[in-house]
Amino acid sequence: DGDGNDVYDTSRLPDAKVKLEVPSEVSGYIGRILAEHVGLVSMHLGGGRATKESVIDLSVGIILKKKVGDAVKAGESLGTIHAQSIEAAKKAAEMLNACYTVVPEPVEKPAFIKGIVR
């Protein structure tokens with residue numbers, strides 16, 4: 001069981017040994033983020049279950065800093081990797097960068113509410 005407030009106050013979670021910023025390789029606009037792949041990056045860090053017997057490490061994961069439609073400059077952080085080792089952090093950073101598609105022209109931000117079902 002977890003406490004949902006941890007999502008809003010990450011200081012309540014254990015601290016990872018390594019924190020690594022993931023810089024954008026190019027300037028432009030965030031055109032797409034492969035959300036499922038971002039989840040897999042977190043799982044490989046230990047922040048998710050590969051099997052029901054897997055133990056979750058609450059200190060690891062990813063804090064995304066850029067969303068679809070956001071402008072980004074080369075070198076600006078797309079997110080922060082929280083990992084147990086620099087090797088794991090570097091591999092996760094490489095994987096996270098591949099989750100982002102940066103395009104040259106502005107893109108419309110997706111609607112926060114897609115629709116209402118009644």
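List the GluC sites (Glu not before Pro) within the range 10-59 that DSSP assigns to loop and that have no more than 13 neighbouring Cβ atoms inside 10 Å. Let's see the in-between values first.
Values: sites: Glu21, Glu25, Glu36, Glu53; in loops: Glu25, Glu53.
Those satisfying the criteria are Glu25, Glu53.
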Karplus-derived 3J(HN,Hα), 6.51/-1.76/1.60, for each residue of the range 7-19, Hz, glycine and proline x: 5, 8, 9, 5, 5, 7, 8, x, 8, 6, 5, 10, 10
Relative contact order computed over the range 1-79 (Cα-Cα under 8 Å; 6+ residues apart), in percent: 41
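Before I look further, what does the range 1-88 give for accessible area per residue, probe 1.4 Å, in whole square angstrom? It would help to have the intermediate numbers written out before the result.
Values: 5650 Å² over 88 residues.
Counting only protein heavy atoms, the per-residue value for the range 1-88 is 64 Å².
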Part-to-part distance (alpha-carbon centres) for the range 1-32 and the range 46-78, which is given in Å: 6
Simple label model, 7 Å out from Cα along Cβ direction - Glu87 to Glu21, nm: 2.6
Label-point gap, in nm, between Arg12 and Ala111 - each point 7 angstrom along Cα→Cβ: 3.3
19 Å Cα-Cα threshold exceeded, pairs from Lys19/Lys90; Lys67/Lys114; Lys65/Lys109; Lys67/Lys90; Lys65/Lys114; Lys19/Lys65: Lys67/Lys90; Lys65/Lys114
Derived scalar couplings ³J(HN,Hα) [the range 85-93; Karplus, 6.51 cos²θ - 1.76 cosθ + 1.60; whole Hz; x for Gly, Pro]: 8, 5, 5, 5, 5, 5, 5, 5, 4
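The values are calculated or read from the model by the stated rules, or taken from the named source; none is laboratory data. Note that the coordinates shown come from a computational prediction; the quantities given were computed from them, not determined experimentally. Note: ideal-geometry Cβ built from the backbone for every residue, glycine included; neighbour counts use all protein chains shown. Please note that ligands, DNA and RNA were not included when accessible areas were found on the heavy atoms of the full protein model with its side chains. Shrake-Rupley method; radii C 1.70, N 1.55, O 1.52, S 1.80 Å.
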